[in-house]
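Reading through the C-alpha cells given below for one structure.
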Amino acid sequence: MKQYLEFSKEVKEAIEAGKPIVALESTIISHGMPYPQNVQTAREVEQIVRDGGAVPATMALIDGKIKIGLSDDELEMFGNADNVAKASRRDIGYLLATKQLGATTVAATMICADLAGIRVFVTGGIGGVHRGAETTMDISADLDELGKTNVAVVCAGAKSILDIGLTLEYLETKGVPVVGYGTDELPAFFTRKSGFPLSISTDSAEDVAGMLKAKWDLGLEGGAVIANPIPEEDELDPAFINGIIENALQEAKENGISGKETTPFLLGKVKDLTEGKSLVANIALVKHNAKVGTEIAVAYNELNS
Amino acid sequence: MKQYLEFSKEVKEAIEAGKPIVALESTIISHGMPYPQNVQTAREVEQIVRDGGAVPATMALIDGKIKIGLSDDELEMFGNADNVAKASRRDIGYLLATKQLGATTVAATMICADLAGIRVFVTGGIGGVHRGAETTMDISADLDELGKTNVAVVCAGAKSILDIGLTLEYLETKGVPVVGYGTDELPAFFTRKSGFPLSISTDSAEDVAGMLKAKWDLGLEGGAVIANPIPEEDELDPAFINGIIENALQEAKENGISGKETTPFLLGKVKDLTEGKSLVANIALVKHNAKVGTEIAVAYNELNS
Amino acid sequence: MKQYLEFSKEVKEAIEAGKPIVALESTIISHGMPYPQNVQTAREVEQIVRDGGAVPATMALIDGKIKIGLSDDELEMFGNADNVAKASRRDIGYLLATKQLGATTVAATMICADLAGIRVFVTGGIGGVHRGAETTMDISADLDELGKTNVAVVCAGAKSILDIGLTLEYLETKGVPVVGYGTDELPAFFTRKSGFPLSISTDSAEDVAGMLKAKWDLGLEGGAVIANPIPEEDELDPAFINGIIENALQEAKENGISGKETTPFLLGKVKDLTEGKSLVANIALVKHNAKVGTEIAVAYNELNS
Ligand SMILES: [Mn+2]
Ligand SMILES: [Mn+2]
Ligand SMILES: [Mn+2]
C-alpha cells in the first residue's frame, strides 16, 4: 500500500510531529469552481487550516501516486488542466494503473485520508440522493463511503441540488451520524435551514471529537457528517436560490443530462443564474467549514495524544 | 475497546465458565411497551433464558459505558425514565461520549452483542422496509446491520407495520439468511403467516447452530434472521389486526409522523385500537422467542466447545 | 475455514506452482442451460481456460464442502441432478451445515473464489437490478457482493432481462469499477451495445490487471465488472431479442412469477421464443469470456509474481 502514497514535506513533518491534519479534496478545484477562484480558494482554505493550528493535506492522483498534500504548482495545475478525471472510489485503481491525473471526490478523498491516517476532512457539500432517485436510483457513492470509511466530513450539508430528506434517510439506514454543528436541523448548503431535524446537535468541537473517538475505538466503521451552516452574513435568500435550482433541474432534464455530468452541469447553471452569487456563497461556506473542521481536528488530535 | 464495555457479574461469570449467553435489547423496554408491563416482561424474559440453561445479557448505554447485562434497578430505570434516547448504530458514539442514557435498538444491540462476543439475540420483531419506502426510502438500519454484524436475531418476523415483501427483498440483496423456524413462510409478527415463502425452513436448533457456525467459520460476515411464529394460541385474527394497522398507518400519514417517531406512534396506535390485545400478543411472542433463542444459543455453544 | 474447502488435484497443483487460475460458477450448469449443452459447455469452457495457460476451478457445494474444481463426474451430476439448490451468499451456511448440493450463483462463486485466493472469475452475465425494481426492490445479491468481495467478474454485461441503466447506477453507488473491454459502452448480453456509456474502457488485459492490483493493494475492497461484448458474428439482432424479452417479462408478470424463480423462468422463455438461438448465443459469449478472462488471469498472475 505504502508504495502508492506520496506525502508532501509539510504533511510528512506533521505526521512525525503528531500534529493535527485536515484532508481537502481536489474535485472542488478542478470541477467545482472556475479558474482562478478555484486555486485562490484552495490556497486560502489551506491557510485557514494552518492558522487554526493544523496542516492541510489536499488529495489528488498524479502519475500513479496518491498525493497527500499538493505543492503550489500542483494546485495551479489542477485548477487549470482540462485532462483531469473526476475520481470516485470506482476510478482510483484504473487512474493509478494508467498514471492519469485524478481529482478526488468526497468518496475518494475519504479513502485517501483513511489510507494516510487522517480522520477529519473539510469540503463544501457532500453528494447524496438525487432528486428523482426513487426512479433513477442516482445516489452518490459518497453516501456508501460514509457508511464504511473512518473519516469525518465537515460540510454545509448535501449539495443543494440534491434531495435532502432522502439523503438523510439513506444515511440513517447506513448508520452514519449526522451532527448539526450549532444547529438542530440539516443546513441546506447555500442557506442555513432545510426543515429536516437532526438527532445530534452540538456546538462543541470536543463533543464531536469525543463522538468520533468512541465510535472508532469501538470499531464502528464508517464516517460522520459534521453539518456546519453557512454563516448568516453569507447565506443566500432561500426563495431566490430554491427557484433557481428548480429551473436548473428542469433544464438538465430537458437536455438529457445524467450521471456524472449532472453535478457540474447544475452547479454551472446555478452559478450563471445567480450571476455569481452562488460562487461567492460557496467560497464563504468552504472557508467557514475549514475553520470549524480545523477546530475539530485539533480537538480530536488532543483526545488521542 | 474494552474500556467501553461493562459486564454484569452474571454475564462475566458466564463468559468465564463458557456458558451460552442470550443478548436482549432495551428499546423494547423504554420505547416498545408501557410501564409496568415492560419491566415485568423484561424480567420474565430473562428468567426464561435462565430456565433454558443460558444467561441473559440485556444491553444499554449508561454513563459512557455499554452495559452487558442490567441489574434489576437498571431494568426498572429504563422502564420508567423519560430521558432515555433511542440508540441505533449512528447514535452510539455520541451517547457514550456525552454520557447519556441510551436504549439499544435491534441494530445497536447486535453491535453490543458482537463486541461482547455474544452470537444469539432475542427480540420481538426487527425493523425493516417501511410501507411506502419506494418513495420515502425509509428503511431501518437494522437491515444493513444484519448485512454486516455477526449476530443471529430470533424474532417473530418484521414488525407488522412494515412492508414484509420489500423487507425480504432487501435482506436477499444483502445476503442475509432468513430461516423459518417451524414454518416455510415468514411470520407476520402478530400472526403466523404472511404469504411470503422462505428458502430456508427447519425446526432444529442444531441445524440453525450449524448454519451459523459454517457461515461465520468461513468469514461470511453478517447476521441471520431466525423467524419464529407467534404460538397459535396467542396469535391475533389476521383480518382484525391488519385492518387496525391500515387505520394506524392512515392516521400517521394524516398527522405527518415520520422517521424515528413512526414506530412508537404506530405501535401505540395499534395498542389503543386493539384495546391492549396487541400488547398481550407482543409479550407472548417475545417470551416464545426467548425460549427458542435460548435453545439455539445452547446448541451453538455446544457446537463451539 | 480451511476445513470447508476441498481443492481438486488440478487446482491444488496450480496453487503450488503459482499458476493463474480462473473461477467458474455452477448455477449456469444446473439452472442456466439445458442438459446436455450445459455439461458440454462447462467442459469446453474449462478447456479454453487450459488452452490459454490457466487452470479452471468450477465451484460447487457438495456434502458439506466447498469444492474448488469439479471432477468430470461432478460436472455431469450438476448438469443432470434435480435436487441441486441455487446457492447465493445467504444460502451457503445452511447448505454446508445440512450437506446439500448447491450450485453457486455469481455472488456465491465470488465468495468461494475469494476464500480460495482466486481473483478472476468468468461467467455469462451478472445479476442486477430487475426491471420494475423502483417498486419491487428486486436487486440481485451479486451487486452487493461486487461491492465487497475482491474478485473480478468477466461477463457480457448484466443478464438481458434486467434494467441495465439502474444496474449501472447501483454499481456506481457501491463504488464498483465497470470496465468496457474493447468497448466504451456496457454490452447488453445477447447484443454488443446497450447505449449506456462507461467511464473505463480498454482492450488491454495488462491494464485491467494493473487496475485490479492497484485497487486491492490499496485495500479497496470489492470486485470489478469486466464487460466483454459478445463477438459480432454471434450477437442476436437487437430488435428481435428485445421484443422477445418484452414478451417474456409480460408473461412472467401475468403468471405471478417473482423472486428466485424469475431468472430461470425468463431465461427459459427467451430460449423457447428464440427457438434456441439465445442458447447458441449464450454459449458463444461464455466461451469468449473464458478466453478474455484467462488472458486477464494470466496478466494478473504475472503482475503479482
Ligand atoms: Mn450518480
Ligand atoms: Mn427510518
Ligand atoms: Mn431477487
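The values are calculated or read from the model by the stated rules, or taken from the named source; none is laboratory data. Small disclaimer: the values here were computed from a predicted structure and weren't measured. Surface accessibility is based on the protein's heavy atoms, side chains included, excluding ligands, DNA and RNA. Shrake-Rupley method; radii C 1.70, N 1.55, O 1.52, S 1.80 Å.
Below are the figures for this structure:
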{"item": "DSSP-defined beta bridges in chain A - what % are antiparallel, rounded to 5", "result": "30 percent"}
{"item": "Overall dimensions of the range A:60-116 by Cα: Rg and Dmax, Å", "result": "10.4, 28"}
{"item": "q = 0.14, 0.30 Å⁻¹, the range B:81-143: log10 I(q)/I(0) [Debye, one scatterer per Cα]", "result": "-0.49, -1.21"}
{"item": "For residue B:68, residues with placed amide H under 5 Å, excluding near neighbours", "result": "B:6, B:7, B:8"}
{"item": "Kirkwood Rh in Å, taken over the range B:1-115 so that all alpha-carbon pairs contribute", "result": "13.9 Å"}
{"item": "Expected 222 nm ellipticity per residue - DSSP helices of 4 or more, -39500 (n - 2.57), all of chain A, to 500", "result": "-14000 deg cm²/dmol"}
{"item": "Derived scalar couplings ³J(HN,Hα) [the range A:34-45; Karplus, 6.51 cos²θ - 1.76 cosθ + 1.60; whole Hz; x for Gly, Pro]", "result": "x, 7, x, 4, 4, 5, 4, 5, 4, 5, 5, 4"}
{"item": "Chains C and B, summed buried accessible surface - 1.4 Å probe, Å², nearest 100", "result": "2300 Å²"}
{"item": "Length-normalised contact order of chain C in % [C-alpha pairs under 8 Å, at least 6 apart]", "result": "19 percent"}
{"item": "Members of C:99/C:269; A:215/B:213; B:174/C:174; A:148/A:215 lying beyond 23 Å, as alpha-carbon distances in this model show", "result": "C:99/C:269; A:215/B:213"}
{"item": "Distribution of pairwise C-alpha distances over the range C:219-267, 5 Å bins, in %", "result": "4, 15, 16, 13, 17, 15, 11, 5, 2, 0"}
{"item": "Global size of the range C:189-248 as Cα Rg and Dmax, reported in angstrom", "result": "15.8, 46"}
{"item": "Å² per residue, accessible surface of the protein assembly as shown at 1.4 Å", "result": "36 Å²"}
{"item": "Radius of gyration and maximum dimension Dmax of the range B:61-184, Cα, Å", "result": "15.3, 45"}
{"item": "Dimensionless Rg ratio for chain C, taking C-alpha atoms and the 2.2 N^0.38 Å reference", "result": "0.92"}
{"item": "Candidate residues C:258, C:305, B:204, C:201: accessible-area rank, largest first, probe 1.4 Å", "result": "C:305, C:258, C:201, B:204"}
{"item": "Largest-first principal axis extents of the Cα set of the protein assembly as shown (Å)", "result": "74, 69, 51"}
{"item": "In sequence order, calculated HN-Hα J values of the range B:114-119 (Karplus, 6.51, -1.76, 1.60; Hz; x Gly/Pro)", "result": "4, 4, 8, x, 9, 9"}
{"item": "Inverse mean reciprocal Cα-Cα distance (Kirkwood Rh) of the range B:133-218, Å", "result": "13.7 Å"}
{"item": "Within straight-line cross-link reach of residue A:193, lysines at Cα separation under 17 Å, skipping those fewer than 8 residues along the same chain", "result": "A:159"}
{"item": "Amide H partners (placed H, <5 Å) of residue B:157, local residues excluded", "result": "B:126, B:228"}
{"item": "Taking the range A:62-215 and dividing mean pair separation by its residue count, relative contact order in percent (alpha carbons under 8 Å, at least six apart)", "result": "16 percent"}
{"item": "Computed P(r) (all Cα pairs; the range B:181-305; 5 Å bins; percent)", "result": "2, 10, 16, 17, 17, 14, 11, 8, 5, 1, 0"}
